[in-house]
Ligand SMILES: O=C(O)CCC(=O)C(=O)O
């Protein structure tokens, strides 16, 4: 795992992507939010007042097709330009997402498909990461026999409150960090 600073300096998105500009530029376009599709204006209204333990997390893989200008306001950081998926042409698997969420929302434990090494940039706010070594199953997590699917029955908040502590005296502890705005994390395969 590597945390990088200073490699997003050319991104228009860094200064431009705030709520108002994203709402304006996307208008009535609907983004994928868990099981539903929502306009950004509605999503931000929801996320301002949400009190649920598992707030809905906006996670949209078609954002740049839906609102093409968004696709032009960031670029792949120089370190990640080798693109092995390019040999697949139109068969390329999903490869880019915009992610938005209020405090307490997030992705739970998983292993990315296709042996992906993923980079993940933070534009606003900050994101806590907990990465376990490949041979370690985090407490409370139940992988499928081949390890490809993992189920984590508790919310992220509950995991931190009730299960995280168990790892404190494990020999193989997770690597943890907080990725702040303008930083990028590389999560290896
Ligand atoms: O930013 C996140 O919530 C995690 C994203 C992630 O791990 C993924 O897309 O596989």
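The table that follows gives values for the structure above.
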{"item": "Residues being under 20 Å from residue 5 (Cβ atoms) and either assigned to a loop (DSSP other than H, G, I, E, B) or in contact (Cβ under 8 Å) with a residue 60 or more places away in the chain (or both) - total across segment 124-135", "result": "4"}
{"item": "Conditions (1) surrounded by 12 or more Cβ atoms within 10 Å (Cβ to Cβ); (2) within 16 Å of the ligand (Cβ to nearest atom); number of the one not met by residue 154", "result": "(2)"}
{"item": "Those strands (runs of 3 or more DSSP E) lying entirely in segment 25-123 with at least 1 residues within 16 Å of the chain's Cα centre (by Cα) and modelled with pLDDT of 95 or more", "result": "30-33, 58-60, 98-100, 118-121"}
{"item": "Output for segment 78-131, where each listed residue is buried (at least 16 other Cβ atoms within 10 Å of the Cβ) and away from the ligand (no atom under 13 Å from the Cβ)", "result": "none"}
{"item": "Top-ranked residue of segment 1-24 - restricted to ones that are in a helix (DSSP H, G or I) and within 19 Å of the chain's Cα centre (by Cα), ranked as surrounded by the fewest Cβ atoms within 10 Å (Cβ to Cβ)", "result": "19"}
{"item": "Filter result (within 16 Å of the ligand (Cβ to nearest atom) and touching a helix residue (DSSP H, G or I) at 6+ places or on another chain (Cβ under 8 Å)) within segment 39-64", "result": "54, 55, 56, 58, 60, 63, 64"}
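The values are calculated or read from the model by the stated rules, or taken from the named source; none is laboratory data. Keep in mind that this is a model prediction, so the values were computed, not measured. No Cβ is skipped: glycine too gets one built from the backbone with ideal geometry, and neighbour counts run over all protein chains shown.
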